[in-house]
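Remarks on the structure that follows.
The values are calculated or read from the model by the stated rules, or taken from the named source; none is laboratory data. Given the structure is predicted, the values throughout are model-derived calculations rather than measurements. So basically every Cβ, Gly included, is an ideal-geometry build from the backbone, and we count neighbours across all protein chains shown.
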Amino acid sequence: MIVSMDAPFEIRIADDPASLAEIAAREVVNVARDAVAARRRFTVALAGGSTPRATYRRLAQPPFAAQMPWDHTLVFFGDERGVPPTHEESNYGMAHAALLAHVPIPPEHVFRIRGEDPDPDAVAADYARVLAEVLGVRHGEMPRLALILMGLGVDGHTASLFPGSPVLKETFRTVAAVHATAASVPQRFTLTYPVLNAAACVIYIVSGAEKAKVVKAALADPTTTLPAAMVRPSDGRLLWMLDRAAAAALPARRTP
Ligand code: 6PG
């Protein structure tokens, strides 16, 4: 595992996907426990896609499941597809099957995006309202999540922030409905940069050789405009957790 601190973000590299899930689950526990110690609650937005599944499953197992402050944990989602929660493409469905169904988190502490509802703009506005109400922010204030987990698409997208999308220019709304023509389910709902960059901690979890090229583009090219590279918390921590295959194209870094 290599730790690099010579950039505005941390990079940790695990040997393989199982080790990545292990160190990522451990880091989630650390952030959760620190958040509860400081603010008596832990607010987290979960990533979708397939990569985080291994981390969620690991988090539902000993010793992490017992170390997590579930009673003080509030779960949100970084993005969702326009499908019901039981659909195979549902990010909520993936997280529920891998984690939420197996841990003692109070059901009322899980706030899913109602992707199946007919009016996409109403879905986005309703989730923004829930986020603001539950986090207790006043009108116009930006909700600050303790942790946002994120993934990376091979085109450099993260959450449902795709290259060239108008939502990349959003500066006020915290949640947006987007139509991602390249995505498996084009109707998407996503947290926007204002709330992503207001987070206390953002952790990317990226695995696999197919991501090596885009990881290099996102992390080693200072001129990059890839959506994933634009997530830089203004007053928070940014940690990229990679397995060796995903990190393979990064320039060698000296460990401190
Ligand atoms: C989604 C995710 C998306 C994901 C990337 C990587 O809803 O699909 O939010 O941003 O993190 O597409 O997906 P994989 O982990 O499946 O490679």
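Of everything in segment 115-154, what is under 24 Å from Tyr56 (Cβ atoms) and surrounded by fewer than 18 Cβ atoms within 10 Å (Cβ to Cβ)? Give them in sequence order. Working first, answer last.
First, the residues of segment 115-154 that are under 24 Å from Tyr56 (Cβ atoms): 115-116, 123, 127, 130-131, 134-135, 143-154.
Across segment 115-154, the qualifying residues are Glu116, Val130, Val134, Arg144, Val154.
For segment 4-85, please list each of the helices (runs of 4 or more DSSP H) lying entirely inside it that holds at least 1 residues being crowded, with 24+ Cβ neighbours inside 10 Å.
On the way: elements: 17-39, 52-59, 64-67.
Passing ranges, in order: 17-39, 52-59.
Using the structure shown, decide if Lys216 is free of Cβ contacts under 8 Å to residues at least 40 places away in the same chain and under 22 Å from Ser160 (Cα atoms).
Yes.
Let me confirm something: among Leu242, Leu238, Leu250, which residue is away from the ligand (no atom under 13 Å from the Cβ) and assigned to a strand (DSSP E or B)?
Details: Leu242 fails: away from the ligand (no atom under 13 Å from the Cβ); Leu250 fails: assigned to a strand (DSSP E or B).
After ruling out the rest, the residue left standing is Leu238.
For the subset of segment 197-213 comprising residues that are closer than 20 Å to Tyr56 by Cα and in contact with a Ser or Thr (Cβ under 8 Å, 6 or more places away or on another chain), which member is surrounded by the fewest Cβ atoms within 10 Å (Cβ to Cβ)?
Looking at the filtered set, the residue picked out is Gly208.
Could you check, for segment 126-133, whether at least one of its residues is over 25 Å from Gly236 (Cα atoms) and modelled with pLDDT of 95 or more?
Taking every residue of segment 126-133 in turn, at least one turns out to be over 25 Å from Gly236 (Cα atoms) and modelled with pLDDT of 95 or more.
Looking only at segment 150-175, count every residue that is near the ligand (Cβ under 10 Å from one of its atoms) and free of Cβ contacts under 8 Å to residues at least 24 places away in the same chain and tell me the total.
0
Return only the number of the condition from (1) polar (S, T, N, Q); (2) over 20 Å from Asn30 (Cα atoms); (3) touching a His at 6+ places or on another chain (Cβ under 7 Å) that Thr86 does not satisfy.
(3)
Return the residue satisfying two criteria in turn: it lies in segment 182-229 and is of a type in the set (Ser, Thr, Tyr) and within 28 Å of Pro251 (Cα to Cα), and of such residues it is nearest to the chain's Cα centre (by Cα). Walk me through it before giving the result.
Pass one, segment 182-229, residues of a type in the set (Ser, Thr, Tyr): 184, 190, 192-193, 204, 207, 223-225.
This time we only want the ones that are within 28 Å of Pro251 (Cα to Cα), so: 193, 204, 207, 223-225.
Numbers: Tyr193: 12, Tyr204: 7, Ser207: 14, Thr223: 23, Thr224: 20, Thr225: 19 Å.
That would be Tyr204.
For segment 73-123, how many residues are within 16 Å of the ligand (Cβ to nearest atom) and of a type in the set (S, T, N, Q)?
2
All but one of (1) within 13 Å of the ligand (Cβ to nearest atom); (2) without any contact (Cβ under 8 Å) to a residue 24 or more places away in the chain hold for Asp126; which doesn't?
If we test Asp126 against (1) within 13 Å of the ligand (Cβ to nearest atom); (2) without any contact (Cβ under 8 Å) to a residue 24 or more places away in the chain, just (1) comes out false.
Please enumerate the residues belonging to segment 111-166 that are of a type in the set (D, E, K, R) and in a loop (DSSP other than H, G, I, E, B). Even if it seems obvious, please write down each step before you answer.
Here is the first cut: in segment 111-166, the residues of a type in the set (D, E, K, R) are 112, 114, 116-117, 119, 121, 126, 129, 133, 138, 141, 144, 155.
Once the filter is applied, which keeps residues that are of a type in the set (D, E, K, R) and in a loop (DSSP other than H, G, I, E, B), segment 111-166 yields Arg112, Arg114, Glu116, Asp117, Asp119, Arg138, Glu141, Arg144, Asp155.
Within segment 176-195, which residues are away from the ligand (no atom under 12 Å from the Cβ) and assigned to a strand (DSSP E or B)?
Ala176, Ala177, His179
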